[in-house]
Structure formats: structure tokens, C-alpha cells
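The values are calculated or read from the model by the stated rules, or taken from the named source; none is laboratory data. The shown structure was predicted, so the numbers you read here are calculated from the model rather than taken from an experiment. Counting neighbours? That spans all protein chains shown, and the Cβs are built from the backbone with ideal geometry, glycine included. SASA here: full protein model, heavy atoms, side chains in, ligands and nucleic acids out. Shrake-Rupley method; radii C 1.70, N 1.55, O 1.52, S 1.80 Å.
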Amino acid sequence: MGNWFRASVAGTAVTAAAVVAIIFLGGEPAVSQGPAYQAPRLPGTSNPNLTGLWQAFVTANWDIQDHAADAGPFPRLLGVWGARPAGQGVVEGNEIPYRPEALARKEENFRNRLTVDPDNVNTVGDPEAKCFMPGVPRATYMPFPFQIIQSTEKIVIAYQFANANRTIPIGEATNAPVDFWMGWSNGHWDGDTLVVDVTGFNGLAWFDRAGNYHSDALHVVERYTPMSPDHLMYEATIEDPTVFTRPWKISMPLYRRIEENAQFLEFKCVDLAEEYLYGDLVEGSSQGGAR
Amino acid sequence: MSHRCLTVMGAVFAVVVLAPTFAAAQPTETPASLRTPWGHPDLQGIWNNSTLTRLQRPEELGDKEFLTEEEAAGVEQETIARNELLSNRPAERTTAADQLDSRADGTPGFYNNLWLDRGTTVVATRRTSLIVDPPNGRLPSLTPEAHTRVTSAEADRIEDVRRGRLPATSWEELDLSDRCIWYRGIPSLPTGYNNNYHIVQTPDHVAILQEHIHDVRVIPLDGRAHIAPTIRQYAGDSRGHWEGDTLVVETTGFNNRAIIRGVDGNLSEALHVVERFTRNEADLIDYEFTVVDPKTWTSAWQGSLPMTRTEGPMFEYACHEGNYGLYNILAGSRAEEKAAGGAGK
Amino acid sequence: MRHRVLAASGILAVLVTVMWLVSVPLVGQTPGAATAGSPPPPTPWGDPDLQGMWETRTYTPLERPSEFGEREFMTTEEAAERERLGLRRVVTDDDDDIADNLVEQDVNRYARAFAEDDGRPGFKIAGAEYNAFWSADPTVPKVSLRTSQIIDPPDGQMPALTRDALTTWEAREEARRGRSQGDDWEDRGLSERCISRNGLPGEMLGSTQNPIKEIVQTPGYVSIVMPYGYVRVIRLDEGPPLGSAIRQWNGDSRGHWEGQTLVVETRNFKNTVNNVVPAHGGPFGGSRHVHYYPGTGEMFRLTERFTRIDRDTIEYQYTIDDPDVFVRPWTTVNYFFLDTWATEGNQDRLFEYACHEHNYGMVNAIRGAQADRQWALDEAAREAGIREAELRDKWEETKAWEASNRSGR
Amino acid sequence: MRIQLVVLGAGVGLLLVAALVPVSAHHAFAAEFDAANPIQLTGTVVKMEWVNPHSWIHIDVTQPDGSQERWMIEGGPPTALLRRGITKDDLLAGAEVFVEGFRAKDGSQKANGRDVTFADGTKLFLGSSGTGAPRDGRDATER
């Protein structure tokens, strides 16, 4: 009897553990299995109120695909300040379907990620290092929080990094008059999910420090779904026929910053980037370098 | 026993690729007093795997698979006596020779013996090696690729650098343990000191803190898939499950710097290890392991050793934080080069 | 030289085909007299509704021109006369400076080019670098009959600077001596560096090039989308104060409602006075290429008041309380107007400002100074000369204030 | 107290009135460009960067020997144009433009675009929206 009893206990424990694991690990079921969570509404509307200070806790800014830990670009100068943390990718299936010729450009981007060329200020090197606006979706998973302010007809997202921002009118979509770093966003509600359709990119932003990039033909469809009072699920479908052979998808949870004193702060980084950008231009000049 | 339990687990867990040949060796089951509140065998506590038994059977022992009881007692007594002798011996100057790490009598040349903790017992089976398979107690033959790897001129040079016979031109030439990056490897075999492990369990995780390099292995038991093979790590990526009362841990995803302490040379990313932890007595975990690396050995090998319960606490290991040694090695190397250059003038 | 300036203006001037003045009583003693309609109902969560795209340009000078003496308002005839004389200009535009100084100076500079070849069009450059189509906004700012933005002190003048501020100014001039116009990026202004256009509250007023702000509200927050590449996120809850070590270019803003008025207090401004090289650009006027501005002190507290006085109008007041810089606080009033262009459905958001991302101009300016360093040194010395004259004037103001304050006691 | 505001140019519909003041550079002109080095260029538009606060027009200029030289021409902020409904389709690659301006002080192939017109003399962005367009007085046919 003893044998049977113990085996049964162990089996039950294992089963329970598996059930618990499914509940806690299954990110998608909350989204796909319907309204498990009912977020508080924005007064005057039937929509959940997404207002808050949010942040992604993934390492996608280093590489949206799987990546092991690695030294940064200047370990002799920076120690591990500049190192890359290990991280699992945010790309569904971990594959980015580059066209063959486009993949070469990605690798070139990576090699030149910290190159500054005064004659090609915004076409060579990672825009992040230069304090340029991160574009969409990269703005979402920069290691900085961002503030959503949701009103009845418009939603403003203010990103801490480079103080980038975008305004998302809800309802009838309009076309981008010209191209922008942060694109041109149009929003609508799909049940409790905020869907943002973004086009009008200038093609200069990157996805990450690994050199993953897109062209001005980029089309992003983002979905923000409340999962709990303090969690949103973020999903984005990426389409760019000049660079990729098919659409692909990324997803990650967003976490509310719940510290009592959490608030949006400035990261106006221009003056922090000037020596990097212009230092070579004043090298050797008699008065250069007031720093 | 427990085909029911196995059925449940079979539904939940992936099939382990490696044949668990030790399964038959399980002597008894874990008593109820050694179980967690949720019914798993309780592996928790601090454990030490020091032993006088070596990984490989000394060649001079030939076919001899086991020591006799008298031989085992003799080895243990000899060790105790020698420890006693060394601790009572007056201080003496060590003279520089080709090899400072050990002296002619086998005693350490680098520190007083009392710093060390090699254990004073052989394994309970009195086997002449930790390796149980191949039957000769020796590691399998190297593949031609691995043979080249360990016998190349570059490997020889690196060995000379690590032995202090050549100046180090870079920290990268030094051993991962000199650099405080990675010490034991997996499976974790005993060395001269710090052979301590702290195991903590929850229903769905086991964590093993190794004293050396303060590495913690966090091992999920919930049946999740391994992380993608694109992510390689020093300790690889471990997944555990219970087979009866034995914790089975399978590890893959090692990076190309994989090592196993006690085994010469660098291993490959193809390294694949299965470990088995069974606690049937209050003070003993039976630790068994199977190692496969087709780019290093022509066949798999298996071994076993005991982990004995020990009193805590385990202390902090701050190797990197206090690694004056690396500065000394590099500064010494520069001084040597300078001296050599000056002599040439 | 003056006729050249006028000639340049004449070339760009557009015939104002029809102009008529309509007097709009905005806040009358008789309620309901406002023709623009009542403010909209509150938001669904009960806050006064300030939302919309607001035209924020003003023609009202910051300080009262001397001809108006003590008068707070001018007559419509006087407004028309100012218009005729070309004195009506959007206040925060760089052109303010250009009209006063730079045109003349630039014209002098271009005379070199002139002397060689009279046929060259160089002289037309000043304040006219580009075709006028770049600045042809589809709407025109409304004209307030106020004689100055400053309503307190009652004389409509910015208070004197403190002795500390003037001493700091002198020290910065000293630190800058011997530097050229472009030895380094820090020799260029904050605006050229794309760090800050005019700072707060200066940026709250629109320019010809970027006239619009958008206000978006939600429970707990008011946000103001600024045309200079950032959003002012204003918390309405009390919350713990921001630590005093955290200093920001635009400070830390907290808001609350007093009746129908949104009151926003901003502290924690970066102490921009302490830059070694004077950072031009600044909170109280144009993004100035030449002039000194006093920066802000550690104690700077900005208080803004937004009141929607009718459907189409926000009355916007701000008070500067910066004891390190000014001898007393001072207050201004301006008006924001609902942008008719947007409300008619022609525009649904502000456009992106990507100044830094495409700042080819900085590369050109640094290389330009290297190409002709003597020119760049001369230019810096010329600008320093302008500032020295301003500094002398400011010392006079401060001494005068000290004298009258002593005698007043 | 009575606050009075005057609405100028308001009326039925929208009357477009160009600002009396000229638009000026966000950068000090003279730091960047050389007033002693006026240039005239005719070229083909390669791309237009519609960037606030400075647009940049990239053009290819054919040299006497037939080769192409790439120039970058600085323009003003596009905000007013965008507000008037002008889009990137109003200046496409391939268009021929005539530029009068001043070369960068460092002698590189950059210039400000004091006047940019289509090669046939018609104004860029003129009449391309339904709201009318400004006149700057240089065109004799404007009146």
C-alpha cells in the first residue's frame, strides 16, 4: 500500500505543478480565450482605460531574436556596462523572414552599429546610440518606461527615450502626409484590444542593436490587450515586402510601473550624444571640447 | 513500483534521449521522512562530494575494479595520517622548480595542506574510479577531432602558459577557473576544495547552488521545453523530472567553452549530460551521471559518486571580485618579457 | 542700411488684400456676452475640458512698448497703426531678433559679397533664407489689444535681474572669450542643438513655423503635445514630490483644478545658468542666436493657469518666480485659440519634429567655423559686443531698482 | 476689466494671408552657409526629407562632363505646408528644380535653398492645394 500511496501523492503533485504551470506560463490563453479579465473603463466610453506608465521587461532592444550574453562593443572602456544580457527573442518562431539581399544589409548594420559618419548622419549606425527616435515597435521595448494617456478620441503615447511620442486618433483613419521616424498611427478598438495601424515610416529606424531593420514600406499593426490591472499584452505584426518575404509577429507583456513615485521623466538625450556625434569634427581644434 | 506515476510523467514530460541505465541500480525507495510536504524526495540541504576516489582508474590498477575493504581502509588511513603529518610539520621554504603546484611527495606546493579539503574516504562501493562505464574505468577514446584539439601546438602552448612556463599574452589564454568564469562544469566532480552544493526545492523547481563561482542552476521540473538552441550558456540549459524517487536532470545548450573539471581540454557545444540524484538515506545522495559529446569522445561514459550531508553554512565565493591573481599573472608575464628582452641586450 | 531691410521685407511682403478688424469681447462683466459660445461641458470624468488643438501664437509684445505708458490695452486704431508700421510680429519667432539686429548685421556681412559682384543676391538672405511658402500657415493669429503680455509688475516690464544673475552673466562672458562661433557644438544655441526651442514657458507660445499645441486629457493627467518633439505629461494627483537631485530641461509639472482653472506648478528645472559656455535660447522669448538669457535658478518655480473662457479660447497665464534671477516674480497673460483649421477637419494631430535626427546644420556649422576660423572669431566677438551692451543696460536696471526699493522703504 | 481681442482676416471661409514676417532659419544662417558664395543649381530631385524644422531636398546636378553631382539643399520647416494638405506626392523624385542659394561654408555640396522653383520657373507647392498658396512678390505674374 505504501508504494501505491506515495506514487499517487507524487503523481498528484506533478499534475498539480503542471496545471499551475499552464495557468501561469500560458500568456496567450488570456488573450485568445476571451475576456478573462475585465479592465476598468475610461469614463464616458465602453473602452478599457490603458492610461499609465508602462514598460517592457525583455532584452529585445539588444536583439529581437534569441541571443546569448555577450560583451559589449568596448569592454576595455566600459567593462560590462555595455554588455548584452542573454535573452529569448520576441519574434514568433524566432525567425525573421529576410529576403536574401536584405539579410546582408542587416549584417552590415550590425558591423557598423557604432559608426558615426557626419556625411551620413542618419543612414549609418544604430539610431539609438545617436539619441534618434526609436520608431515603432522599438519604442515599446526600449529599456525605458512610456506613458499612455488615453482620452475619448485620442491616445497619446509619450516615450521616455529621446522624448519620442505619437498621437493616435481613434476612429476614421487618415493617411500620412509625409514620412516620419515614429510613423503615422491610426487606432481603433477590437473589443478590449486597442489596435494601432502604423504606416508612414521614413525607413531610418531599426528594430534593435543587432541591426535588424526595415524600409519605408513598413506596416505595423499593434495590439494592446489588458491582462490584469498591471499587465498589457503587446503584439505587433510586421509587414514590409521590400525587406521581408512574409509578415511576422512579435509579442511581449507590458508591465505597469507601480511604484508609488513612478512617473514619466525626461530622457532628453541630445546633449548626451553630441560628443559621440560631433566629437570627431572638433578633434584637434584649438578650443574644441568644452566638456 | 509506480507505473502509475510514470504514466503521469510520461504524459507531461518529453522522452529522455539517453537510456537511463542506472534505473535498475536503484536500491530502495526514499522513506517518508525524507520527503517534502508535497511528496517529492527531499534533496534539500548542503552536500559535499569530496572523495579520495579519482575520476579515472589509475592505470597501474589494471583490471582491478574494486578495492578490498582492507585496501580502502588503508588508503583512508594513509590520508588521515598524512594530513596529520603535514599539519604538524614545521614551515619550510619551497624552492622554485618546474612545477610548484605539487611537491615531490605529492603534497601541495602552493598552499599549506590545511587549506584543502579533498576528503578522507573513498566511495562506498570501493570502486577504483568514479567512472563506471566504460568498464575499464577510463574515459573513452577521443575522436580524431578532439585529439587534434588537445594535442595541437597551440594547445601545448596554452598549457605552458597555464603552467607558468610561458608568459601569458592575454587573460584569454588562462583557464576559465583562473578567470573566475566557470569552475566545475556539469557533471560536477570533486576537486581539492569547495566541493559544496546547496540544494533547494519547490514543487516545480530545483535549485543547486555550487559554492565554486557561486553558480546557481535553476532547474524547472514543469515539463517546459528547452530554450532555443540559439542561446548557448556555460551551464547549458537544464530540465528536470522525477523518475520514481530519482531526480533526473538533462542538460544541453552548452556553449563552446564547455568543460568538466577533472577532464582535460575543451568540450564541444554538442555536450549532453544526464544527472540522477537519489536520496535514500538521510545523509547521502547517490549522484550518477551520463556524458555524451560525440565531438569529443567516441562513446558515452557514466559515473557515480556520493554526496554526503554536511553542516552549513556555505560561504560566499568572491573569486572575480578578489582576483588579484590575474593582475599578478599578467604583470608577472610582462616582467618576464622585459627581463628576457633586457638579457638579450 | 535701413532701406535695404525694408526692401527685403517688401520683396517678401504679401499684399493683405482685405483686412478688417472685429472686436470680440471675450470676458465681459455681463455673463453670456461672449460671442464664441460657452465652454464645452466637462469631460465624462468631471474635469473641465481643455482638449483640442490650440493656436498659440501671439502678436503681443512681452514688455510694454514705451508709447503706451501705463495703458494695459491699445485702441483698434493703434493696433492698425502698428500693423501698418510692420511692428506686428509673432513674438516667439526668431525674426524678432532679426528685425532688431540680425538683419542689419547680416546685411553688413553680406556687403562683402556685394562689393565683389553687385548682381549677387546675397543681401536678400537675412531673415529670408527660404521661399515664403514655408511659412504660409493656413490660419492667422488673432490680435489681442493688450499692450504687453506682462500684467505684473503693472508697468508691463520684466523685473530687473539680481546681482547674482548679472555676475553669473559676466563670468560666462569671460569663459567664452576667445572662443569662436563654432569651435564646438556648445558654441551653438540650445535651439540649434535641438535640445530646447525656447524652454518653458517660452515654448508655450507658438511660432509661425509651429503654431499649434494639442491638449489631451484623461483621469489623473493632462498632456500637452508640444510641436518641438515632446509631450508635457502633467500629473494631477498629489504623489510624492520628485527628488531635488532630479533636474529636467522642462522641470516636473504637477497640476490641480481650482474651479474651472487648471493650475500647473513646475519645479525641478535644470539649472542652465551653470553651463560653462553660455547656452543661448531660453525660456522668455525668442530662440536667440546672439543674446544672453539669464537661464533659470535652482529655486525657479513656474506657475501656469489655463482657463477656458469660452468655447474657442483658453486664457493662459504664467508666473515666473525665480529669486536667483529676478528681483521679484512676474506674470503674463496670453490667449490660445481653438485652431479652426483642425476643427474643420483638416488636421488630426501635430506633426513630428525630428530636429536632432536630421541636424545636418550642426555638422555644417562646425565645419564652417573651421573653414574660416577668423570669420568665426570675429562673429563671436561681434555677438559678444551686443551682449555687453545688454549687460550694461541690465546693470542700470538693477541699480535703479535697488535705489527705488531703498527709497521706498 | 474688459479683455479685448481683435480677429484679423476672419471672414466667411478661409482667407489665406501669408505672414508678413519672413520665415527664418532655425540655425543661424551665417554659421552654416557662406553669403559670399551664392550658387545656382539645376538638378533632378532624388529625394525629399520632409523634416521639421528643416526640410532637405537631395538633387543630382549634371556636370559639364556629363557626370552627376549630389547636392543637399536646406529648406524650411514643412509644418505649414503639411497643414495646408501638401503631401510627399507633391514633390516626387525625378522632378527638375532650379535652386538659388548659398553654399555651405565648408565647401561641401550642400546649400541653403533661398529660392527653389521648378525648372520652368513655376513655384514649388504653388496651387497644389485647394486653399491657395502664398505669393512672395518675386513673381511678376502674381497680383
Do you know which residues across region B:292-345 are open to solvent by less than 60 Å² (accessible area, probe 1.4 Å) and part of a loop (DSSP other than H, G, I, E, B)? B:D293, B:T296, B:S299, B:A300, B:T310, B:G312, B:M314, B:Y317, B:A318, B:C319, B:G322, B:N323
Search result, residues across region B:256-291 that are part of a loop (DSSP other than H, G, I, E, B) and open to solvent by 20 Å² or more (accessible area, probe 1.4 Å): B:N256, B:R257, B:I259, B:R261, B:G262, B:D264, B:G265, B:N266, B:E269, B:A270, B:A282, B:D283
Does C:S191 qualify as being among the hydroxyl-bearing types (S, T, Y) and at pLDDT below 85? yes
Of the residues D:P38, D:P53, D:P22, only one is in a loop (DSSP other than H, G, I, E, B) and modelled with pLDDT of 50 or more; which? D:P53
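To keep it simple, each residue is scored yes or no on (1) crowded, with 19+ Cβ neighbours inside 10 Å; (2) small (G, A, S); (3) within 11 Å of chain A (Cβ to nearest Cβ).
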residue: C:E203; (1), (2), (3): yes, no, no
residue: C:I212; (1), (2), (3): yes, no, no
residue: C:S223; (1), (2), (3): yes, yes, yes
residue: C:V231; (1), (2), (3): yes, no, yes
Take the residues in region C:147-171 that are open to solvent by 50 Å² or more (accessible area, probe 1.4 Å) and among the aliphatic types (A, V, I, L, M), then tell me which one is farthest from the chain's Cα centre (by Cα). C:A171
Quick one: C:E174 ticks every box in (1) of a type outside the set (K, R); (2) without any contact (Cβ under 8 Å) to a residue 60 or more places away in the chain; (3) within 11 Å of chain A (Cβ to nearest Cβ); (4) open to solvent by 10 Å² or more (accessible area, probe 1.4 Å) bar one, so which box is it? (3)
Contact list, first residue from region A:164-191 and charged (D, E, K, R), second anywhere and buried (at least 23 other Cβ atoms within 10 Å of the Cβ), beta-carbon distance below 6 Å, six or more apart or interchain, is A:R166/A:I157; A:R166/A:M182; A:R166/A:S185; A:D179/A:N202
Out of the residues in region A:182-202 that are open to solvent by 20 Å² or more (accessible area, probe 1.4 Å) and part of a strand (DSSP E or B), which is farthest from the other protein chains (Cβ to nearest Cβ)? A:D190
Consider only pairs whose beta carbons are under 7 Å apart and that are at least six residues apart or on different chains; among these, list those whose first residue lies in region A:73-87 and is under 15 Å from A:D208 (Cβ atoms) and whose second residue is surrounded by 13 or more Cβ atoms within 10 Å (Cβ to Cβ) and among the acidic types (D, E). A:R84/A:D70
When region B:152-179 is checked residue by residue, the ones that are open to solvent by 70 Å² or more (accessible area, probe 1.4 Å) and farther than 12 Å from B:L330 by Cα are B:A153, B:E154, B:D156, B:R157, B:E159, B:R163, B:R165
Scan region C:238-263 residue by residue and report those that are part of a loop (DSSP other than H, G, I, E, B) and more than 25 Å from C:E315 (Cβ to Cβ). C:E238, C:G239, C:P240, C:P241, C:L242, C:G243, C:S244, C:A245, C:I246, C:R247, C:W249
Check on D:V61, farther than 29 Å from C:N198 by Cβ, away from chain C (no Cβ under 11 Å), part of a strand (DSSP E or B) and of a type in the set (A, V, I, L, M): yes
Pick out, from region C:334-409, the helices (runs of 4 or more DSSP H) lying fully within it that include 3 or more residues that are free of Cβ contacts under 8 Å to residues at least 24 places away in the same chain. C:360-371, C:373-408
Reported set for region A:122-165 where residues are of a type in the set (K, R) and open to solvent by less than 10 Å² (accessible area, probe 1.4 Å) is A:K130, A:R138
Would you mind stating whether A:D63 is under 14 Å from the mean Cα position of the chain (by Cα) and within 11 Å of chain B (Cβ to nearest Cβ)? yes
Looking at (1) within 7 Å of another protein chain (Cβ to nearest Cβ); (2) closer than 20 Å to C:N359 by Cβ; (3) basic (K, R), which is the one condition that is false for D:R103? (1)
